[in-house]
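Notes to accompany the following structure.
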């Protein structure tokens, strides 16, 4: 894309998706979810920057399969860490910058908008890059997948909270062309998922 390169790697026994965002203008780099497999993540970082520059690591939520290589990657790169404020206490590696809904994170000349999605965990977040002619790109962690929202362990209150946030903060705010990058598995678009919202609410998961 014009000002941003997005790279994706599947890592670890749970096939977590880690995403590397590289600013074409400044060379700044941000990783979404240092989930596992430090050697693979370091190779991913070098794909974007031969000098292994990594400025930031954002953790979408506190579950163990999303932070398995976090402490090692911080030690190897000196990157600053970001996570949803309500999840910080459950992340073993210290968080430099707790995030609330509406915050902004810079990747060179690019702004990432933080969207709070409460339910999968209390502090789950998504990251939105609005790329203009390059479209909208949304990194959803485990809060939104092809075919449904993230797991809420049968808790009706948590499910309603998550689906309400996903519906109002994502589907009501963004176009069908928005590309969705989940924490596991294949990408999707909001247009592909929008017709199913009523079915998700009815089934309760």
| field | Filter result for residue 10 (in contact with a helix residue (DSSP H, G or I) (Cβ under 8 Å, 6 or more places away or on another chain), in a strand (DSSP E or B), under 20 Å from residue 187 (Cα atoms) and modelled with pLDDT of 95 or more) | value | no
| note | Going through region 24-48 in order, the residues found to be farther than 15 Å from residue 128 by Cα and in a strand (DSSP E or B) are 29
| task | Identify, from the list 112, 163, 138, the residue that is part of a strand (DSSP E or B) and in contact with a helix residue (DSSP H, G or I) (Cβ under 9 Å, 6 or more places away or on another chain). | result | 138
| note | In the set 69, 76, 126, the lone residue that is surrounded by fewer than 17 Cβ atoms within 10 Å (Cβ to Cβ), under 30 Å from residue 50 (Cα atoms) and in contact with a helix residue (DSSP H, G or I) (Cβ under 8 Å, 6 or more places away or on another chain) is 76
| Counting only residues that are in contact (Cβ under 8 Å) with a residue 60 or more places away in the chain and under 20 Å from residue 18 (Cβ atoms), which one in region 132-145 is surrounded by the most Cβ atoms within 10 Å (Cβ to Cβ)? | 141
| Using beta carbons and a limit of 8 Å, which pairs, at least six apart or on different chains, have the first residue in region 86-100 and surrounded by fewer than 14 Cβ atoms within 10 Å (Cβ to Cβ) and the second one part of a helix (DSSP H, G or I)? | 92/70; 92/71; 100/85
| field | Scope region 36-54; condition buried (at least 21 other Cβ atoms within 10 Å of the Cβ) and in contact (Cβ under 8 Å) with a residue 40 or more places away in the chain; matching residues | value | 48
| request: Please go through region 146-205 and pick out each residue that is within 13 Å of residue 119 (Cα to Cα), surrounded by fewer than 17 Cβ atoms within 10 Å (Cβ to Cβ) and in contact with a strand residue (DSSP E or B) (Cβ under 9 Å, 6 or more places away or on another chain). | output: 205
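The values are calculated or read from the model by the stated rules, or taken from the named source; none is laboratory data. Quantities reported herein were computed from a predicted structural model and do not represent experimental measurements. So basically every Cβ, Gly included, is an ideal-geometry build from the backbone, and we count neighbours across all protein chains shown.
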